[in-house]
1. Output the helices (runs of 4 or more DSSP H) that fall wholly within the range B:66-182 and possess 1 or more residues being modelled with pLDDT of 55 or more and under 16 Å from residue A:53 (Cα atoms), or say none.
2. Could you list, in sequence order, the residues of the range B:11-27 that are buried (at least 20 other Cβ atoms within 10 Å of the Cβ) and either part of a strand (DSSP E or B) or without any contact (Cβ under 8 Å) to a residue 24 or more places away in the chain (or both)?
3. Quick check on the range A:35-52: of everything there that is farther than 21 Å from residue B:128 by Cα and at pLDDT below 90, which residue is surrounded by the most Cβ atoms within 10 Å (Cβ to Cβ)?
4. I need the full set of residues from the range B:28-45 which are in a loop (DSSP other than H, G, I, E, B) and surrounded by 16 or more Cβ atoms within 10 Å (Cβ to Cβ), in order please.
5. Would you call residue A:32 loosely packed, with under 15 Cβ neighbours inside 10 Å and modelled with pLDDT of 90 or more?
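The values are calculated or read from the model by the stated rules, or taken from the named source; none is laboratory data. Model, not experiment: these values are computed from the prediction. Note that each Cβ is placed from the backbone with ideal geometry, even for glycine, and that neighbours are counted across all protein chains shown.
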């Protein structure tokens with residue numbers, strides 16, 4: 001692998017001996033879980049799985065797709081395997097409409113939606129710090145707060 | 001009119017996973033294909049409202065307790081895990097990811113029979129999943145061929161790019177690059 005272990009947070013140009021240590025640690029941490037999954041899958045007609053963290057599954061032989069903006073992707077370091085396709089976004093229409101609050105409709109810069117997802121947003125200190133940093137940007141942000149920050153959304157208007 | 005197919009979407013029980021499927025599902029629905037969603041009971045009515053067929057399944061005995069599935073379950077598990085979120089990433093694996101996956105595996109085991117029944121009833125031409133763990137009821141080709149006469153293809157959607165390769169600083173930003181320190 002030409003990229004650091006998934007979810008490690010290590011830089012792509014970092015010390016690769018640390019990557020190996022992290023990989024070994026991952027195998028240890030997930031050892032029991034992986035064995036239980038693998039045994040059960042085989043008992044139920046599935047294949048023997050390889051420890052290909054974090055995908056403890058067999059890829060589709062037909063088509064696999066993932067969402068990641070092409071500008072940020074790692075394809076120069078790690079070309080996609082066959083049958084893997086990159087998408088910038090999965091855009092849906094849904095059946096709800098969202099009205100952009102009046103005070104955010106116009107103003108300097110771009111209007112940006114910012115979310116760290118289920119796990120990221122429960123780190124309240126991290127979120128506060130990020131909001132503070134975003135507040136200094138010339139752009140307008142809609143930040144997904146999650147439950148940990150009390151309300152669902154916080155609107156920040158920058159000047 | 002071109003040929004119409006049946007698509008079975010079976011995302012992991014989470015808003016983000018269902019949303020990842022919806023963009024594609026909407027396009028298929030609008031082109032006249034039959035689109036079925038297999039989801040836990042907590043999703044009841046939500047996908048039907050958007051013009052999809054629902055096939056529901058239970059993920060545990062305690063389903064009647066709403067904190068056992070769906071958004072309420074995520075909320076309670078994340079509240080419990082919160083102290084670990086600020087820790088080193090290897091601790092996040094131990095203290096957050098392992099408990100979540102243990103619970104997910106229990107749900108996969110619990111719903112296996114019903115999922116096979118759904119596949120056999122729906123007879124999809126394609127199955128679309130958003131998962132990181134192997135689900136024999138949905139992914140095992142040998143068994144599926146017996147259930148479905150002509151399985152055409154299977155998509156696996158992953159809306160977490162960070163799992164696909166190194167993902168830098170999702171949980172913690174130990175030191176922000178200079179250009180962000182405004």
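1. Fully inside the range B:66-182 and qualifying: B:89-92, B:98-122.
2. B:11
3. Here the answer is A:51.
4. Narrowing the range B:28-45 to residues in a loop (DSSP other than H, G, I, E, B): B:31-33, B:44-45.
Within the range B:28-45, just B:33 meets the criteria.
5. So residue A:32 fits the description; yes.
Yes/no per residue for (1) farther than 18 Å from residue B:92 by Cα; (2) free of Cβ contacts under 8 Å to residues at least 24 places away in the same chain; (3) assigned to a loop (DSSP other than H, G, I, E, B):
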{"site": "A:4", "(1), (2), (3)": "no, yes, yes"}
{"site": "A:7", "(1), (2), (3)": "no, no, yes"}
{"site": "A:13", "(1), (2), (3)": "yes, yes, yes"}
{"site": "A:21", "(1), (2), (3)": "no, yes, no"}
{"site": "A:33", "(1), (2), (3)": "no, yes, no"}
